[in-house]
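The values are calculated or read from the model by the stated rules, or taken from the named source; none is laboratory data. Computed from a predicted structure; not experimentally measured. Here the Cβ positions follow ideal geometry from the backbone for every residue, glycine too, while neighbour counts run over all protein chains shown. The accessibility values were calculated without ligands, DNA or RNA, using every heavy atom of the protein model including side chains. Shrake-Rupley method; radii C 1.70, N 1.55, O 1.52, S 1.80 Å.
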Amino acid sequence: MTCSRRKFVLGMGSVIFFSAPVFSALGKAEKGAPVRYAMIHDEVKCNGCNICTVACHKVNKVPTGAARMSIAHIAMTPPESGNTYHFFRHSCQQCEDAPCITVCPTGASYRDDSNGIVRVDKPKCIGCSYCISACPYQVRYLNPVTHVADKCDFCLESRLMKGFTPICVSACPQNALIFGREDSDVVQNWLKTHDYYEYQLPNVGKPHLYRRPGPHEVKKVNA
Ligand code: SF4
Ligand code: SF4
Ligand code: SF4
């Protein structure tokens, strides 16, 4: 059963990585269809370790106190009996009809038509933070050093353009993250064979982040 409209109540509103180049090309649109990339977070496999977050921080040079992504630990049971969590990926969803793009006064926040990824054109950004306020998922931040808005770009600049998959995907020890062109066999076959949902808020378009719902049992350390 596909549960793309399934709703969840969310309570939030020295590591070296090796991987071989696997992306031969940042794809071109076939028959005029726009290229889109997709990320899948398999919450059943995820154990909440946040190694992905640490890897993202290092590879994308995210300043201390900021983040392009995180895995929220949402308790599903009362504290006295609880050891079940919902691990929820918090990162840019590369939305269609993205408000972060429409509010930007300079065009610095834009969708790259060659790959569909929502990006920030650094020289154009004036640091007004309009895009940060407009994102309903609160996944953008203003870099305190460069004074430029930043967020997950699917590692386009740090990895994809060099032929590597996003570092969070490569670093995950649980293989809980899957990435590829949305029309690829790897993504489409996964979507056909798993339950999944998309977390979409009002007044923003379809996300390109899919999630397999998986409350996760965690063993108590001090039981
Ligand atoms: S590295 Fe993988 S298992 Fe760990 S929190 Fe991230 S997605 Fe989950
Ligand atoms: S999640 Fe936020 S920053 Fe990312 S495309 Fe959507 S509105 Fe923009
Ligand atoms: S795709 Fe890259 S930028 Fe986005 S969360 Fe993963 S590691 Fe960070």
* Kindly check whether there is at least one residue in the range 154-164 that is open to solvent by 10 Å² or more (accessible area, probe 1.4 Å), in contact with a helix residue (DSSP H, G or I) (Cβ under 6 Å, 6 or more places away or on another chain) and near ligand 2 (Cβ under 10 Å from one of its atoms). => no
Selection from the range 80-102 of residues open to solvent by 20 Å² or more (accessible area, probe 1.4 Å), on the phi < 0 side of the Ramachandran plot and not in a strand (DSSP E or B) yields 80, 81, 83, 96, 99, 101, 102
Exactly one of 81, 109 is more than 17 Å from residue 208 (Cβ to Cβ) and away from ligand 1 (no atom under 16 Å from the Cβ), and that residue is 81
- Residue match in the range 51-73 (condition: at pLDDT below 95 and touching a strand residue (DSSP E or B) at 6+ places or on another chain (Cβ under 6 Å)): yes
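Table: residues versus (1) part of a loop (DSSP other than H, G, I, E, B); (2) within 12 Å of ligand 2 (Cβ to nearest atom).
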| site | (1), (2) |
| --- | --- |
| 146 | yes, no |
| 180 | no, no |
| 188 | no, no |
| 199 | yes, yes |
- Task: Evaluate the range 87-104: report whether one residue or more is more than 16 Å from ligand 2 (Cβ to nearest atom) and in contact with a strand residue (DSSP E or B) (Cβ under 6 Å, 6 or more places away or on another chain).
- Result: yes
So, residue 149, is that one farther than 18 Å from residue 108 by Cα and open to solvent by less than 20 Å² (accessible area, probe 1.4 Å) or not?
no
Only one of 139, 120, 186 is open to solvent by 20 Å² or more (accessible area, probe 1.4 Å) and closer than 23 Å to residue 66 by Cβ, namely 120
Pairing a residue in the range 116-141 that is in a loop (DSSP other than H, G, I, E, B) with any residue that is within 11 Å of ligand 2 (Cβ to nearest atom) and aromatic (Phe, Trp, Tyr), where Cβ atoms lie under 7 Å and the two sit 6 or more apart in sequence or on different chains, gives 117/154; 121/110
